[in-house]
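Have a look at the structure below, then the notes.
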Amino acid sequence: MPTALITGASAGLGAEFARQLADRGADLVLVARSQDALDALAAELRARHRVAVEVIVADLAEEPGVARVVARIADAERPIDVLVNNAGFGLPLQFADNDIADEVRHLRVHVEAPMRLMHAALRVMRGRGGRIINVASVAGFISRSTYSACKAWLIGFSRWANDEYARDGVTVTALCPGFVHTTFHARMGLAAGQEGVPGMLWLDAPYVVRAGLRAAARGRSVVIPSLRYKAVVALSRLVPRAVTARVARRGRM
Ligand SMILES: NC(=O)c1ccc[n+]([C@@H]2O[C@H](COP(=O)([O-])OP(=O)(O)OC[C@H]3O[C@@H](n4cnc5c(N)ncnc54)[C@H](OP(=O)(O)O)[C@@H]3O)[C@@H](O)[C@H]2O)c1
């Protein structure tokens with residue numbers, strides 16, 4: 001049975017990755033800070049799918065948390081076949097108004113942790129194969145503060161790594177959704193409907209995760225779920241950066 005390690009598995013897209021991978025028979029390693037939510041999901045998936053589920057409680061903005069997950073991935077006796085770098089959060093203010101400590105935590109969770117987990121994973125996956133999915137965003141194609149910059153890092157790195165490690169049987173895929181119904185916006189303090197985003201632009205987590213798993217199975221380096229968002233990204237390449245930046249000020253995805 002393949003084993004999948006998913007960060008940010010206590011809610012939203014991460015919990016949905018856990019459900020869909022368990023449904024396909026994968027054993028799981030679930031990572032996040034919320035032990036109760038992870039334990040509840042683990043119990044549900046063990047009972048429903050008869051898969052093995054480990055829980056690692058870890059704050060990926062802190063060194064001990066990242067080190068714990070790296071150590072698990074580096075354990076060649078219990079190899080990880082699928083790594084999903086999904087944990088993330090949004091900051092509520094503009095860059096200069098945010099606390100710099102929050103910005104540093106944001107950078108660590110979105111860039112440093114995925115980089116270190118991929119580094120550990122690739123050392124074990126090279127030669128035996130594996131899949132890495134980096135949950136980026138449509139925001140990575142436009143300009144909006146450090147969130148877009150972090151997601152652009154994930155997209156750029158995935159493009160290179162997918163080519164580089166193909167010869168080792170490893171695929172690296174950046175999953176780039178637009179707005180998805182999860183707890184992401186509520187955690188930023190936005191009530192439902194306050195995001196200023198038209199209803200037709202919202203995607204459901206099961207649809208986004210299915211698109212990510214399908215693209216990874218096909219060895220694609222980047223996937224943008226839905227025609228709507230493919231069109232948004234294509235359009236964003238044609239209009240001046242200042243215009244997309246102005247539009248992007250309205251919402252977070
Ligand atoms: N929702 C959207 O519209 C949208 C659009 C595009 C991309 N994304 C991306 O999708 C990914 C998943 O977000 P989501 O929408 O599913 O949000 P969510 O429902 O808020 O879930 C975020 C997950 O990340 C975990 N997390 C946050 N900070 C963490 C930390 N310091 N250490 C470890 N885990 C941490 C949370 O768990 P704990 O709190 O238990 O630690 C939770 O499991 C993120 O990378 C986000 O940027 C979201």
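Restricting to DSSP loop positions (anything but H, G, I, E, B) with no more than 12 other Cβ atoms inside 10 Å of their own Cβ, which trypsin sites (Lys or Arg not before Pro) remain in the stretch 25-98? Sites meeting the loop and neighbour criteria: Arg50.
Rank these for me by crowding, Arg159, Arg123, going from fewest to most other beta carbons within 10 Å.
By the 10 Å Cβ count, ascending, the order reads Arg123, Arg159.
What the pair-distance distribution of the stretch 114-253 shows, using all Cα-Cα distances binned every 5 Å from zero, is 2, 10, 18, 21, 19, 14, 9, 5, 2, 0 percent. As a proxy for reagent exposure, ranking His185, His119 by other Cβ atoms within 10 Å from fewest up yields His119, His185.
By other beta-carbon atoms within 10 Å, ranking Ser137, Ser221 with the fewest at the front produces Ser221, Ser137. In the chain, the longest principal axis of the Cα atoms and the axis of helix 35-49 are about 60 degrees apart.
Values in this text are rule-based calculations from the coordinates and carry no lab data. Model, not experiment: these values are computed from the prediction. So basically every Cβ, Gly included, is an ideal-geometry build from the backbone, and we count neighbours across all protein chains shown.
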